[in-house]
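Let me begin by presenting the structure, written as structure tokens, before commenting on it.
The values are calculated or read from the model by the stated rules, or taken from the named source; none is laboratory data. None of these values were measured; they are calculated from a predicted model. Here Cβ is always computed from backbone atoms with ideal geometry, including for glycine, and neighbour counts include all displayed protein chains. In case anyone asks, the SASA skips ligands and DNA or RNA and just uses the protein heavy atoms, side chains included. Shrake-Rupley method; radii C 1.70, N 1.55, O 1.52, S 1.80 Å.
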Amino acid sequence: MINKVVFILSDSDDLHQTHRIQEFIEHGFDVDVYAFNRKDVTHKNVIFHFEIKIIGEFYNKDSYRKRIPIIWNAIKHVADMYRAHKNVLFFYQGLSIALPAILLIRSPYIYEECDILQTGIKNKFVRFTLDLFDKFIVNKSLLTIFTSGGFLDYYNYEVKPNNVHIVTNRLHPSIIDLPHPAKRELNMSKLQVAFVGSMRYESIFNFTKVLLHNFPDFDFHLFGGMADDKFKTFLTYPNFHNHGVFRNPYDLPEIYSQLDLILCTYDNRDQNVLFAEPNKLYEAMYFKKPIIVSTNTFLEKKVRSLGIGYSVDPFDDDAIIQLLRSLTKDGILKVCACAAAIEVSECLNDNASFFDSLAYEINNCKYYEN
């Protein structure tokens with residue numbers, strides 16, 4: 001029987017993965033955590049309830065070709081440390097970790113894929129080869145976590161493999177216990193539109209620019225940060241309101257109580273975005289707010305099927321203007337009603353079925369037989 005789960009993370013500041021580790025701890029697992037440090041990134045001021053051991057460093061801007069020897073040597077070091085430990089389960093975050101790890105570590109593993117990294121590679125042969133490796137890693141894993149059901153579409157799975165779990169980025173259940181302020185009354189003459197997160201996509205920039213320039217009666221709010229100085233040009237508009245960073249999930253009820261529409265038009269020219277399922281979807285569902293997403297994405301299909309928002313080509317100025325002009329009070333209230341019909345449990349993180357499957361796989365894995 002296993003007595004330890006060893007996590008190898010690609011980024012020591014990845015809050016998504018550190019939350020995943022906390023879940024394992026809460027389910028009674030002992031953990032060791034190893035991660036890589038990004039030299040040129042300001043580290044988040046977060047207190048973890050476990051130790052993270054840094055096994056390598058590189059710059060965020062470094063190419064994967066430059067990172068490969070650093071990652072290889074670091075994982076080889078971890079492999080050597082646990083070579084004599086049979087009752088250990090490994091957890092690999094992303095393809096950049098899993099690919100060298102399966103070559104160096106001969107132990108069962110869990111694989112989590114939050115982003116399909118190889119979609120950003122222009123060389124079709126390299127991308128195709130990495131796709132094959134990725135599917136091999138999934139097939140050989142004890143369990144695999146996909147953070148979006150769209151990843152099944154990317155890999156052309158007609159039927160979800162038994163060892164694959166779709167674990168989307170939903171809200172932490174503690175959100176229910178937080179005070180929820182009364183929502184503002186919908187005022188069509190002064191719609192409140194917001195982006196909640198880090199502004200970095202060109203598609204977000206273009207949509208915001210079009211709105212600010214053509215709809216001075218709308219207020220646009222940013223709760224989060226600006227990844228690029230060009231976004232600071234929005235500060236010259238009187239209807240742009242920059243609220244700065246916020247605490248997730250503690251500030252979310254207050255933030256969403258003030259808003260009418262949520263912007264989530266991620267860059268649909270990015271192959272990874274086409275198949276991703278961002279946490280903003282579940283925030284919009286939980287707080288019953290219409291969400292605006294990019295066309296031709298897995299997210300658009302989900303939003304349309306649930307009737308909880310709108311879609312637009314974020315690079316088509318005329319389409320953005322047409323969408324915003326077409327908004328009506330009855331239409332927005334109808335979308336809000338669709339979101340209100342969704343069970344709250346569908347919006348909250350609950351991975352009991354994954355941990356039940358994990359217990360079953362561990363108990364039936366011949367590797368762990370004494």
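If I fit a long axis through the Cα atoms of helix 64-81 and take the longest principal axis of the Cα atoms of the chain, what angle between them do I get, 0 to 90°, rounded to 10?
50
Looking at [x] 29, 57, 14, 0; [y] 26, 56, 17, 1; [z] 23, 51, 22, 4, 0, which value of P(r) over Cα pairs in 20 Å bins from 0, in percent comes from a calculation on the structure shown?
[y]
In square nanometres, what is one fourth of the surface area of the convex hull spanned by the alpha carbons of the stretch 203-283?
6.0
What pairs from Lys140/Lys366; Lys280/Lys334; Lys76/Lys140; Lys61/Lys302 go past 22 Å between their alpha carbons?
In this structure, Lys61/Lys302 lie more than 22 Å apart at Cα.
Give me the accessible area of Arg67, 1.4 Å probe, in Å² rounded to the nearest 10.
In the full protein context, Arg67 sits at about 20 Å².
Counting only C-alpha contacts under 8 Å and six or more residues apart, can you give the relative contact order of the stretch 249-344 as a whole percent?
So the answer I get is 27 percent.
Rounding to the nearest 10 and keeping the result within 0 to 90°, find how far the Cα-based axis of helix 95-104 lies from the longest principal axis of the chain.
Rounded to the nearest ten degrees, it is 0.
To the nearest 10 square angstrom, how much accessible area does Val31 have with a 1.4 angstrom probe?
Here the accessible area works out near 20 Å².
Which angle from 0 to 90°, rounded to the nearest 10, does the C-alpha axis of helix 202-214 make with the longest principal axis of the chain?
Relative to the chain, helix 202-214 is tipped by roughly 10 degrees.
Using only helices, what value at 222 nm comes out for the chain when you add -39,500 (n - 2.57) per DSSP H run of length 4 or more and divide by the total residues, to the nearest 500 deg cm²/dmol?
When only DSSP H runs of four or more count, the value is -11500 deg cm²/dmol.
Can you work out the accessible area per residue across the chain, with the rest of the protein chains kept in place, probe 1.4 Å, in square angstrom?
Per residue, the chain has 49 Å² of solvent-accessible surface.
For the chain, give the percent of accessible area contributed by carbon and sulfur heavy atoms, probe 1.4 Å, rounded to a whole number.
Percent of accessible area from carbon and sulfur atoms in the chain: 52.
Using a 1.4 Å probe, how large is the accessible area of Thr147, given in Å² and rounded to the nearest 10?
Surface open to solvent at Thr147 totals about 0 Å².
Looking at the stretch 267-353, which GluC sites (Glu not before Pro) are DSSP coil and have at most 16 other C-beta atoms within 10 Å of their C-beta?
Glu343
Run the quick spin-label model on Asp318 and Tyr250: label points 7 Å from Cα toward the beta carbon, then report their separation in nm to one decimal.
In this crude spin-label approximation the distance works out to 4.9 nm.
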